[in-house]
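Quick one: this structure, given as structure tokens, is what I'll be asking you about.
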Ligand code: G6P
């Protein structure tokens with residue numbers, strides 16, 4: 001790289017680093033990806049001459065692309081593309097990130113596969129992200145690294161650029177000691193994360209687990225909100241529960257065409273008395289299967305309200321967004337979910353009146369908000385979830401304080417949305433009872449609970465989350 005190019009590339013004062021860039025390819029054209037995180041990150045990048053370092057979703061780009069990051073621009077922020085080969089994708093993304101880390105960090109719901117060769121690739125890809133970040137950052141700049149794909153990047157980056165202020169945020173749960181101890185590369189992971197000045201988690205329990213493991217495995221001094229690293233730095237640790245772009249959801253929920261679409265959805269469903277809704281990635285952590293089993297039991301218990309030849313008074317709309325289909329456990333999960341959809345419909349549907357409406361594709365926010373408005377009861381029942389933003393989106397969309405949220409105790413959102421019906425998703429009877437409770441809840445109580453939850457969500461949105469993290473990070477950098 002010539003000095004001129006190097007100077008341009010290095011001009012960024014804030015660099016966001018994540019596995020994915022905030023763009024995706026639609027029929028040969030790059031579009032900005034949806035989601036509150038993207039809008040919050042682009043917001044802070046715009047205000048500070050920033051860059052986003054990540055993978056553009058395409059595999060096996062040319063030799064040149066593999067050697068050098070390519071730069072594009074979106075909404076005033078530069079995009080630095082880190083290339084991946086198919087082989088790297090299979091080891092780094094499918095093998096380690098989604099075959100070892102994801103299941104282990106989600107309570108080992110599925111067995112992790114630990115493959116030493118895949119780990120070598122994970123390390124190499126992390127090194128590539130660190131190098132691309134180092135080249136993009138201005139002297140003394142701030143780098144904010146995201147999620148479990150990039151656990152080693154903080155330390156690698158510090159090694160190349162000790163002048164940077166480095167933050168790391170984990171979007172998924174950080175597991176308890178007994179589970180983390182299974183990880184063959186456990187010390188390396190902790191050391192990787194400790195390269196940051198500030199390490200953020202969704203919940204305080206994640207921060208506590210991390211601190212305890214640093215003490216136990218690295219023998220370093222640590223208390224509840226800081227770890228003294230082996231290279232003699234103070235690394236701050238804390239909980240920063242992520243949120244959503246409340247304004248964006250509220251604006252959509254107020255739009256007359258979106259309201260009309262919600263009415264149309266209910267009509268198309270056959271004007272049922274009650275619409276349950278689930279919106280999830282098609283992932284075994286999300287508990288879609290458990291939910292379907294409980295929904296089937298609920299219908300069995302309410303034989304008077306299952307489909308008649310003329311109607312289906314209680315229906316469930318389940319949106320399942322596919323992904324990670326190269327990982328066997330995801331293929332299995334899809335099979336299980338689809339068998340259950342068939343089984344519940346087989347038992348309870350009438351011709352023209354299914355009880356489960358299953359949509360396996362991604363929906364835009366413009367399509368989701370009408371569903372949030374059309375539903376009476378939202379089911380968010382993951383076996384384990386870092387936060388779960390769908391729960392918060394549903395609440396933000398319910399401008400008139402109606403609607404009930406059934407929420408798993410094992411989702412990060414349960415710490416804040418305490419007015420949901422909190423439920424243990426592993427207990428099928430409890431989920432069925434929660435559904436029953438939601439069906440019969442007094443309207444005043446529904447309103448009271450939703451209004452409390454709306455206060456929580458509207459006073460803490462994703463922009464505030466990003467500002468708080470960056471503000472704490474900068475203070476931490478000043479200390480050092
Ligand atoms: C979770 C992770 C994100 C990830 C998203 C979608 O929310 O925390 O880092 O981007 O899932 O998964 P995918 O594998 O499609 O990127």
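Here, each number is a calculation from the coordinates, and none is a lab measurement. This structure is a prediction, so every number in the text was calculated from the model and none was measured. Please note: Cβ atoms are built from the backbone with ideal geometry, for glycine as well, and neighbour counts cover all protein chains shown.
When a/c is below 1.5 the answer is rounded, else prolate if a/b is larger than b/c, else oblate, so apply that to the stretch 272-379 with a ≥ b ≥ c taken from the square roots of the Cα gyration tensor eigenvalues.
Working: a/c = 2.15, a/b = 1.40, b/c = 1.54.
Cα axes put the stretch 272-379 in the oblate bin.
Kindly provide the helix-only [θ] at 222 nm of the chain, computed as the sum of -39,500 (n - 2.57) over DSSP H runs of four or more divided by all residues, to the nearest 500 deg cm²/dmol?
-12500 deg cm²/dmol
Counting other C-beta atoms within 10 Å, which of 161, 182 has the fewest, and how do the rest follow?
Details: 161 20, 182 13.
Fewest-to-most Cβ neighbours within 10 Å comes out as 182, 161.
Turning to a different aspect of this structure: Binning every alpha carbon pair distance of the chain at 20 Å from zero, what are the percents per bin?
Pairs per bin, as whole percents: 23, 55, 21, 1.
Normalising by the residue count of the stretch 246-459, find the relative contact order in percent from Cα pairs under 8 Å and 6+ residues apart.
RCO, the stretch 246-459: 25 percent.
Continuing with the same structure: Please give the per residue volume of the convex hull enclosing the alpha carbon atoms of the stretch 419-480, rounded to a whole number of Å³.
Residue-normalised Cα hull volume stands at 109 Å³.
Using alpha carbon centroids, what distance separates the stretch 125-196 and the stretch 242-283, in Å?
37 Å
May I pose another question? So what is the relative contact order of the stretch 335-480, in percent, for Cα pairs below 8 Å that sit 6 or more residues apart?
Here the relative contact order equals 18 percent.
What's the Kirkwood radius of the stretch 133-202 in Å, using all Cα pairs?
12.5 Å
Still on this structure, please answer the following. On a 0 to 90° scale, report how tilted helix 256-268 is relative to the longest principal axis of the chain, with both axes built from alpha carbons and the result rounded to the nearest 10.
That works out to roughly 50 degrees.
Going by how many other Cβ atoms sit within 10 Å of their own, how do 406, 189, 359, 166 line up, fewest first?
So the residues, fewest neighbours to most, are 359, 189, 406, 166.
Would you work out if the stretch 232-292 is rounded, prolate or oblate? Take a ≥ b ≥ c from the square roots of the eigenvalues of the alpha-carbon gyration tensor; rounded if a/c is under 1.5, else prolate when a/b is larger than b/c, oblate otherwise.
Oblate, because a/c is 1.5 or more while a/b does not exceed b/c.
Where the centroid of each part is defined by its Cα atoms, how far is the stretch 85-123 from the stretch 284-305 in Å?
Result: 32 Å between the Cα centres.
Between rounded, prolate and oblate, where does the stretch 113-267 land on the alpha carbon gyration tensor, with a ≥ b ≥ c its root eigenvalues, rounded for a/c under 1.5, else prolate if a/b exceeds b/c?
Prolate, because a/c is 1.5 or more and a/b exceeds b/c.
Which whole-number percentage describes the relative contact order of the chain, with Cα contacts under 8 Å and a sequence gap of 6 or more?
13 percent
If packing is taken as the mean number of other Cβ atoms within 10 Å per residue, what is the order of 255-263, 383-391, 107-115, highest first?
Numbers: 255-263: 13.9, 383-391: 24.3, 107-115: 15.8.
Descending mean neighbour count gives 383-391, 107-115, 255-263.
Let me ask something else. Among DSSP beta bridges whose residues both lie in the chain, state the antiparallel percentage, nearest 5.
If we restrict to bridges inside the chain, about 25 percent are antiparallel.
Starting with the fewest neighbours, write out 214, 471 ranked by other beta-carbon atoms found within 10 Å of each beta-carbon. Don't jump to the answer; show the numbers that get you there.
Values: 214 25, 471 10.
The fewest-first ordering by Cβ neighbours comes to 471, 214.
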